Amino acid sequence: MATFFKEESRTFNEYLLVPGLSTKENTPDKVDLRTPLVRFKKGEKPSIELKLPMVSAIMQSVSGDQLAIALAKEGGISFIYGSQSIADEAEMVRKVKMYKAGFVLSDSNIKEDATITELLKLIEKTGHSTVAVTDDGTCNGKLLGLITSRDYRVSKVEEGDTVKKYMTPIEKLICANINDDLSKCNDIIWDHKLNTLPIVDNEGRLAYMVFRKDYVSHKDNPNELLDEEKRYMVGAGINTRDYEQRVPALVEAGVDVLCIDSSEGFTEYQQDTIAWIRSKYGDKIKVGAGNVVDAEGFKFLADCGADFVKVGIGGGSICITRETKGIGRGQATAVIEVAKARDEYFEKTGIYVPICSDGGIVYDHHITLALAMGADFVMLGRYFARFEESPTAKISFNGAYYKEYWGEGSARARNWQRYDLGGKAGFKFEEGVDSYVPFAGNLHDNVGMTITKVKSTMSNCGANDLPEFREKARLTVVSATSIVEGGAHDVVVKSNNVNN
């Protein structure tokens, strides 16, 4: 006889938060949304902590390098999609890691006897107009000078002209020593009105570069998620087929955290993948796993060594797994049960394994509900696909703009590895659709508005951080009628196009 769960499987839309006492200390500006991304032991701090509880989904139509940079500026993290070649995924990770840092390893270097034509090809490849000139053309060669786009006019360059003819030589450059800290380097930049400051060692070899734009960026984005070298943090998706080749390439590119991308994670394939990563890298490389929808699935992956566990099957707006396979669970019910299992696991083992609510988010307040129910952070696809920084095309239709959005289980993505159940590899049937979402503008403005709503609701519940929120949150199930009551009703709503 099959096992039947007694309670109904519920969605976020079937719950509301009941306000608690708001004290004078419970104001949105005092709410702290920091949350652990990876497992940690009782009494210790997690090695990676998000500054806001939002991560982007491992999807072709969502998580490219541009969105990863934009989200890291806000304090969240993206997981670059794995349904592409190993080289292409590693290159996306590398672009995020090299985009910004306090001390940057120069990736645009050239010899002084190289031609301007060769220089232009290098600039086209790297996208950086400031190039270090070193004796051997490497990032650690002896620094001979700098050349920027302001040093030459392409129309005036003669064939065969070399970099040496146009560069600013080392004797005319202002440089810092490798022993100088970042604060001193920034002071030098501002005192001498520089855009770029080379950092050299005692032998005159190039060590790093410090850029004015990075200082300005950090002041404009105080919640940036940075690694120890002040580079943006980024995650990447892997599968249970080619991990022995993919993981080393991503690690070499500088990835901060991995996540096994699968529609269903309660499998020995994920166990084998995690075991291989642990055998090769120990605990140094962090890896999340999933997805699961109950306590048993969570405990299995936690025991396997997963650094976080994703919760949710079939709740995504473009996912049709429930429709095609009849498998899954209401997202709210799944999060509530797995959160309880996480707390019991922590109590029993002293190890806290964060959980990620993946799917089922339709409105901003659903994020708040997921956090109240116990999620440490949420993974979002449709939400981020709407933004300028997502990797899809923006199209115009009937006077409005849309962005393309498709599921990893769609015929377009053909990401069969995500739905792999062993046996002969291949794409057998669709578990996702191809669609459009209304264009919503840039990530910064939208995330800012969403976080404002989350903080405001937490203040209404008398909580100033996420652990306190989970402890104080009071939730009530709502009827279908009360859902209607909660929106605009019994009025004629003015059109947004009407001046009022």
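For the ranges 359-369, 111-121, 62-72, what's the packing order if you count other beta-carbon atoms within 10 Å of each residue, average per peptide, and put the highest first?
In decreasing order of mean packing, 359-369, 111-121, 62-72 become 62-72, 359-369, 111-121.
Enumerate the aspartates and glutamates that Lys121 could reach by cross-link, defined here as Cα to Cα under 17 Å, with residues fewer than 8 away along the same chain left out.
Asp107, Glu112, Asp113, Asp151, Glu158, Glu159, Asp161
Under 17 Å from the Cα of Lys325, which aspartates and glutamates turn up, not counting those fewer than eight places away in the same chain?
The qualifying aspartates and glutamates are Glu264, Glu408, Asp420, Glu430, Glu431.
Rounded to the nearest 20 debye, what is the charge dipole size of the chain about its Cα centre when +1 sits on each Lys and Arg Cβ and -1 on each Asp and Glu Cβ?
Computed charge dipole of the chain: roughly 500 debye.
Please compare each pair in Lys95/Lys230; Lys45/Lys95; Lys41/Lys340; Lys73/Lys111 to a cut-off of 24 Å on the Cα-Cα distance and tell me which ones are over it.
Lys45/Lys95; Lys73/Lys111
Please list, ordered by chain and number, the residues whose modelled amide H lies under 5 Å from the amide H of Ser262; skip anything fewer than 5 residues away on the same chain.
Correct list: Asn291.
In what sequence, largest accessible area first, do Trp276, Trp190, Trp406 appear using a 1.4 Å probe? Each step should come with its number before you reach the end.
Details: Trp276 50, Trp190 115, Trp406 25 Å².
I get Trp190, Trp276, Trp406, largest accessible area first.
Considering only protein heavy atoms, with the full assembly of protein chains and a 1.4 angstrom probe, order Thr3, Thr27 by accessible area, largest first. Before the final figure, lay out each step's value.
On the way: Thr3 120, Thr27 40 Å².
Heavy-atom accessible area, descending, gives Thr3, Thr27.
Test of understanding: express the Cα radius of gyration of region 1-76 as a ratio to 2.2 N^0.38 Å, with N the residue count.
Normalised Cα radius of gyration, region 1-76: 1.63.
Over every pair of different alpha-carbon atoms in region 100-153, take the mean of 1/r and invert it; report that Kirkwood radius in Å.
Values: mean 1/r = 0.0886 Å⁻¹.
Every distinct Cα pair counted, the radius reaches 11.3 Å.
Considering only the other residues whose Cβ falls under 12 Å of the Cβ of Ile86, what net charge follows from Lys and Arg at +1 and Asp and Glu at -1?
Summing Lys and Arg as +1 and Asp and Glu as -1 gives -4.
Got a sec? Charge dipole of the chain, +1 on Cβ for Lys and Arg, -1 for Asp and Glu; which of Tyr81, Ser482, Ile170 is way out at the positive end?
Ser482
What are the extents of the Cα atoms of region 128-194 along their three principal axes, in Å, largest first?
42, 26, 22
What is the projected area of the convex hull of the Cα atoms of region 260-305, averaged over all directions, in nm²? Don't skip to the answer; put the middle values down first.
Working: hull surface 11.4 nm².
Computed as one quarter of the Cα hull surface, the answer is 2.9 nm².
Tell me the net charge near Arg205. Cut-off is 11 Å between Cβ atoms, Arg205 excluded, with +1 for each Lys or Arg and -1 for each Asp or Glu.
After counting each charged neighbour, the total is -3.
Among the helices of the chain (complete DSSP H runs), which have Cα atoms covering no less than 27 Å along the helix axis and a Kyte-Doolittle mean of at least 0.5?
Going by DSSP H runs, there are no hits.
What fraction of the DSSP beta bridges in the chain is antiparallel, stated in percent and rounded to the nearest 5?
55 percent
Over the chain, with the other protein chains present, what is the accessible area per residue in square angstrom, probe 1.4 angstrom?
49 Å²
How much space per residue, in cubic angstrom, does the convex hull of the C-alpha atoms of region 33-109 take up? Write out the running numbers ahead of the final one.
Values: hull volume 9.7 nm³, N = 77.
Measuring per residue, one finds 127 Å³ for the Cα hull of region 33-109.
Please give every one of the lysines within straight-line cross-link reach of Lys24, meaning a C-alpha to C-alpha distance under 16 Å, and leave out same-chain neighbours fewer than 8 residues apart.
Lys455
What does the highest-first list of 436-447, 4-15, 131-142 look like by mean Cβ count within 10 Å?
Numbers: 436-447: 16.6, 4-15: 13.8, 131-142: 18.5.
Highest-to-lowest ranking by the protection proxy: 131-142, 436-447, 4-15.
Can you give the extra length, in nm with one decimal, that the chain gains between Asp465 and Asp136 once fully stretched, where that is 0.36 nm per residue apart less the Cα-Cα distance?
On the way: separation 329, 0.36 × 329 = 118.44 nm, distance 5.21 nm.
Separation in residues times 0.36 nm, less the Cα-Cα distance, equals 113.2 nm.
The values are calculated or read from the model by the stated rules, or taken from the named source; none is laboratory data. Computed from a predicted model, the values in this text were never measured in an experiment. Ideal geometry is used to build each Cβ from the backbone, glycine not excepted, and the neighbour counts take in all protein chains shown. These accessible areas exclude ligands, DNA and RNA; they are computed on the full protein's heavy atoms, side chains included. Shrake-Rupley method; radii C 1.70, N 1.55, O 1.52, S 1.80 Å.
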